[in-house]
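Read the figures in this text as sums done on the coordinates, not as results from a lab. Small disclaimer: the values here were computed from a predicted structure and weren't measured. Note that we place each Cβ from the backbone using ideal geometry, even for glycine, and neighbour counts take in every protein chain shown.
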Amino acid sequence: MEPWSGSPGEFRVRAGRRTGDPVVAADAGAVAGGSAVAGGARSAVDVSHLPADPALPGLAWIATGGGGAAPPACLLRRLELVKHRPGRRMVLRAVAPGAHPEAAGRPCGERDVFLKLYHNARGERLAQRHGELRRMSARGAVAFRVPPVVGFWPAARTLALGGVPGEPIAALPEADLARAAEAAGEALASLHESGWQPGRAWSLEEEVGVLVRSMGEGAAAFSHLPRALRGVEGSPVPLHRDFHPGQVLWGGPHGVAILDWDDAASGAAAIDVGNFVAHLELEALRHAERAESYRLSSRLFATAYFRARGTHPWAELPAFIASTLVRLAGIALERRGDEREAEALRGRAREVHPD
């Protein structure tokens with residue numbers, strides 16, 4: 001396996017000489033103590049605790065220790081399942097070894113590494129996005145960090161991303177919540193103002209389609225929402241498209257880090273803003289003892305966002321907040337059968353954007 005090379009933030013796509021070689025150069029910011037050079041062949045890894053999914057070649061690749069590709073040892077330490085969409089993708093956490101001597105000089109450093117296993121070539125596009133955004137962050141063009149790329153193996157359709165310091169905003173103590181929410185607003189504004197080109201577009205009609213599929217039996221009560229979304233005008237901006245308090249880490253002096261750029265696209269800015277506000281509302285509904293703190297943080301987030309962009313809140317924003325609340329209600333029913341949470345979310349949607 002060839003050494004990984006490249007200056008900090010650089011991602012170079014090249015042809016691997018042997019099956020399994022990483023074709024995206026590792027970000028030097030992810031490397032601890034020098035160039036990221038893998039050692040000799042690794043032994044097989046026990047993946048019996050993970051769901052079987054033949055659509056994901058990365059599982060077999062990990063189980064055989066990377067075959068002839070000899071991935072870094074830190075990728076093959078204890079693996080924990082984070083998320084699984086059968087037939088599409090899986091996210092695994094390779095738990096950091098801490099002070100274990102094997103960690104010294106290895107590409108994964110002292111932090112957890114996250115493996116994203118895909119059924120298609122999505123991982124390569126995501127690695128390129130991370131490289132572009134990290135370069136923008138390094139020169140101050142955006143007010144947030146993104147995880148570094150450890151490597152991408154095309155035959156295995158597997159991407160490895162390094163961990164970054166911080167805690168999800170949704171899990172922060174009340175003392176940190178307000179400042180973190182403001183920083184998240186500023187970070188999102190910097191993305192929307194950056195001029196970055198994610199490489200795909202997301203139309204309002206596609207956004208409406210997601211909403212309609214989430215409505216279920218309550219479609220009649222929210223028939224006004226698709227009309228409201230379709231009537232929005234304005235120039236598209238670069239979107240995260242899954243921007244919520246679980247995807248945004250607050251690292252105190254390290255500032256904000258934003259995770260999970262799989263769905264990034266160009267589209268209406270209110271999609272990201274409405275999604276974040278609605279998810280804070282979900283946290284308020286789930287944690288009544290902290291409801292006021294979450295709702296205050298929601299207002300601080302929006303204020304910081306519009307202040308950073310030098311504009312006033314849009315008239316259409318409540319429609320996007322309500323749309324996300326309805327979508328979250330559909331998820332509560334479909335994935336957890338939680339009728340009580342679904343009805344609470346729908347009730348809040350009716351309050352936010354009455355017919």
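Arrange the peptides 278-290, 190-202 so that the one whose residues have, on average, the most other Cβ atoms within 10 Å appears first. Let's see the in-between values first.
Working: 278-290: 18.2, 190-202: 16.5.
In descending order of packing, they fall as 278-290, 190-202.
In order along the range 197-212, phi translates into HN-Hα couplings of 10, x, x, 7, 10, 10, 7, 5, 5, 5, 5, 4, x, 4, 4, 4 Hz, rounded to whole numbers, per the Karplus curve 6.51 cos²θ - 1.76 cosθ + 1.60 with θ = phi - 60° and x for Gly and Pro.
Among V150, V210, sorting on how many other beta-carbon atoms sit within 10 Å of each Cβ, with the fewest leading, yields V210, V150.
Which of E207, E186 has the fewest other C-beta atoms within 10 Å, and how do the rest follow up to the most? Could the numbers behind the result be given before it?
Numbers: E207 23, E186 19.
Fewest-to-most ranking of E207, E186: E186, E207.
The phi-based Karplus calculation (6.51 cos²θ - 1.76 cosθ + 1.60; θ = phi - 60°) puts the 3J(HN,Hα) values of the range 349-355 at 4, 5, 6, 5, 9, x, 5 Hz, whole numbers, x for Gly and Pro. Simple spin-label estimate for A60 and E339 gives 4.5 nm between the two label positions (7 Å along the Cα-to-Cβ direction from each Cα).
With the Cα gyration tensor of the range 172-297 giving a ≥ b ≥ c as the square roots of its eigenvalues, does the rule (a/c under 1.5 for rounded; else a/b larger than b/c for prolate; else oblate) give rounded, prolate or oblate?
On the way: a/c = 2.35, a/b = 1.22, b/c = 1.93.
Taking the square roots of the gyration eigenvalues as a ≥ b ≥ c, the range 172-297 is oblate.
Backbone phi angles across the range 137-149, fed through the Karplus curve with coefficients 6.51, -1.76 and 1.60 (θ = phi - 60°), yield HN-Hα couplings of 5, 5, 9, x, 6, 9, 9, 7, 10, 10, x, x, 7 Hz in residue order; Gly and Pro are listed as x. Normalised by the number of residues in the range 126-188, the average gap of Cα pairs under 8 Å and 6 or more apart makes the relative contact order 24 percent.
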